[in-house]
Amino acid sequence: MGTTVPKSIREEHEELHQDLARATRQPGAVGEAAREVARVLHPHFVAEEEYALPPLGLLSAVARGEMPSGADQIIAMSEHLREELPRMLDEHRAIAAALDGLIEAAKREGQAEVVHFAEKLKLHAKTEEEVLYPATLILGEVLRRRGFKA
Ligand SMILES: [Fe+2]
Ligand SMILES: [Fe+2]
């Protein structure tokens, strides 16, 4: 059992990434707005895959009451997220603002698919704020209470 980002989230990130890459190759205002989204999104995705989301690969095992190997790593990542959370949320705000610009440009050019992608990415960030980040924080807390020290 490794500390890796769950497959469901990895695939979602991958799909968002590909949709965005396609939009950045467009000419004009849509491409320009998409490249701005990519600029603010990239470092954020890297941080998420480094420490915010890998603990969730062990979430179901911990929920079953198992003591996974790598618990110390999960606690360290969870604490890292707790420290970085204000910055991560700031980044979500910057990403949402860039996405609003993209939505506007895409609507003007009648590009429904790009609008759909941008809405999907906004929802993804909301899911992280409401469910995934808190799950990582709680996971670290649970393991610490079960006697692991980071
Ligand atoms: Fe994400
Ligand atoms: Fe995020």
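No value in this document is a laboratory result; all are computed from the given coordinates. Since the model is a prediction, treat every value here as computed from it, not as a measurement. Note that we place each Cβ from the backbone using ideal geometry, even for glycine, and neighbour counts take in every protein chain shown.
Kirkwood hydrodynamic radius of the chain, from the reciprocal of the average inverse Cα-Cα distance over all distinct pairs: 16.2 Å.
For the chain, please report how many Lys pairs fall under 25 Å Cα to Cα, leaving out neighbours fewer than 8 apart on the same chain. Kindly include the intermediate steps, with their values, before the conclusion.
Working: Lys7/Lys120; Lys7/Lys122; Lys7/Lys126; Lys107/Lys120; Lys107/Lys122; Lys107/Lys126.
Counting lysine pairs in the chain gives 6.
Measuring between their Cα centroids, the stretch 6-25 and the stretch 28-57 lie 9 Å from each other. Tally Lys/Arg at +1 and Asp/Glu at -1 over every other residue whose Cβ is under 14 Å from the Cβ of Ser60; what's the total? Its environment carries a net charge of +1.
Here the Karplus curve 6.51 cos²θ - 1.76 cosθ + 1.60, taken at θ = phi - 60°, turns the phi angles of the stretch 108-123 into couplings of 4, 9, x, 9, 4, 5, 5, 4, 4, 4, 5, 5, 5, 5, 5, 5 Hz, with x standing for Gly and Pro. Between His116 and Arg25, the simple label model (points 7 Å from Cα in the Cβ direction) yields a spacing of 1.9 nm.
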